[in-house]
1. Give me the dipole magnitude in Debye, nearest 20, for the chain about the Cα centre, with unit charges on the beta carbon: positive for Lys and Arg, negative for Asp and Glu.
2. What do you get for the angle between helix 292-304 and the principal long axis of the chain? Use alpha-carbon atoms, 0 to 90 degrees, nearest ten.
3. Which residues' amide hydrogens lie under 5 Å from the amide hydrogen of Val327, considering only partners 5 or more residues apart or on another chain, with H built in the peptide plane?
4. With r as the distance between the Cβ atoms of His30 and Arg163 and R0 = 41 Å, compute the FRET efficiency 1/(1 + (r/R0)^6) and round to 0.05.
5. Grab the other residues whose beta carbon is less than 15 angstrom from that of Met307, score K and R as +1, D and E as -1, and report the net.
6. Evaluate the charge dipole of segment 120-255 about its Cα centre and quote only its size in Debye, nearest 20, assuming +1 on the Cβ of each Lys and Arg and -1 on the Cβ of each Asp and Glu.
7. Residue farthest toward the positive end of the dipole of segment 169-327, with Cβ of Lys/Arg at +1 and Asp/Glu at -1: which of Ile227, Leu254, Ser279?
8. Which entries in the list Lys78/Lys98; Lys19/Lys50; Lys19/Lys189; Lys78/Lys145; Lys4/Lys179; Lys4/Lys98 go over 30 Å, if you measure between the two C-alpha atoms of each?
Amino acid sequence: MEKKIAVIFGDGIGPEVTKQSIKVLNAVGHRFGHVFHYTEAIMGADAIDKTGNPLPDETITTCLNSDAILFGAIGHPKYDNDPTAKIRPEQGLLKLRKELQLFANIRPITTYHALHHLSPLKSKQLKNIDFVIFRELTGGIYFGKKELSVDQTKATDECSYSRYEIERIAHLAFKYAQKRKRKLTLVDKANVLETSRLWRKVVQETAIQYSDVTVDYMFVDNAAMQIILHPAQFDVIVTENLFGDILSDEASVLSGSLGLLPSASVGNTTALFEPIHGSYPQAAGKDIANPLGSILSAAMMLDHFQMTEEATAVREAVSWTLEHGFVSKDIDAINNYATTAIGDLITDHIERHADGDRLHGHASLNQSTII
Ligand code: IPM
Ligand code: MN
């Protein structure tokens with residue numbers, strides 16, 4: 001198969017982790033006989049520096065003309081610490097989500113046995129954790145009217161949802177649950193918010209069409225607690241934009257590192273794949289960032305292309321690096337490997353079905369400490 005991939009490296013560690021995914025995709029292409037064509041596009045602080053615009057029109061066009069988008073990260077401290085900045089890198093990503101109508105952000109939460117010790121939870125609570133967060137991505141408070149009074153003493157962010165916006169993600173989440181453990185949890189704040197009451201009503205009505213799926217409803221404050229106390233109870237969580245943003249970062253600690261979690265944003269046009277971690281500016285350019293969130297996002301892209309065997313090969317290679325301790329600094333502060341070294345190991349594993357012993361002597365390993 002041939003596929004066109006738009007690549008947006010973005011800011012901070014975005015370029016270095018995304019480059020590892022490209023190596024991995026090329027290895028997949030090589031082994032399975034596919035050709036991936038890449039077109040670079042700019043967004044975020046990088047695009048502001050180059051053009052003054054966080055999302056130039058060419059980027060939108062490139063994305064719309066591609067089969068998928070691989071995206072790194074967005075954000076720069078010079079904007080984070082300046083609340084008066086009118087142009088911000090994040091506006092690029094938000095506008096891209098809106099323009100491409102990427103209304104559902106899918107964030108799978110997986111744990112790895114080799115990393116159980118990194119989780120703040122006890123090992124027994126980590127058993128059987130396997131859930132997916134469906135976060136609504138183009139509505140809610142992120143996109144509502146924003147106002148700051150003239151005297152700058154009052155600010156407003158409006159949160160609104162239409163029935164249609166809720167229905168379309170609810171259908172996706174129900175269909176996904178049907179292929180899994182057939183349980184769906186709507187997370188909302190229906191005891192307080194009108195938008196949440198609409199979510200509850202629409203999800204209840206939609207549920208009638210999916211009688212094989214068990215539905216439960218949970219207030220977001222309780223959900224934040226349940227994710228830590230009994231994470232194994234969840235299968236598919238569906239929720240609005242802001243709640244999903246917060247809960248997915250929270251859930252990432254279950255796996256041991258935010259650096260591991262991938263995501264897919266899907267909707268009416270080209271789907272976008274990105275790690276959920278941010279631009280991590282302190283690590284940028286140091287070759288220490290964890291590339292697995294990006295590489296696992298590339299695996300989700302392969303699933304999206306219906307290249308299931310290929311996606312499995314990538315996930316197996318990732319698990320293999322974790323099991324053998326080929327991990328980045330966020331996972332092991334003492335014995336760790338460079339971003340590029342981990343990318344090389346995974347690439348090698350996919351291309352040659354390499355076994356662990358041979359790779360222990362890999363010349364290009366750039367390990368920080370000799371064990
Ligand atoms: C995410 C990020 C973004 C969001 C930021 C960078 C705008 O945190 O993808 O989760 O809040 O959606
Ligand atoms: Mn976030």
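1. Value, rounded to 20: 660 debye.
2. 70 degrees
3. Distant-sequence amide H within range of Val327: Tyr337.
4. 0.30
5. -2
6. Using only the charged Cβ atoms, the result is roughly 620 debye.
7. Ile227
8. Lys19/Lys189
The values are calculated or read from the model by the stated rules, or taken from the named source; none is laboratory data. Computed from a predicted model, the values in this text were never measured in an experiment. Positions of Cβ are backbone-derived with ideal geometry, glycine not excepted, and every protein chain shown enters the neighbour counts. Areas reflect the complete protein model, heavy atoms only, side chains present, ligands, DNA and RNA absent. Shrake-Rupley method; radii C 1.70, N 1.55, O 1.52, S 1.80 Å.
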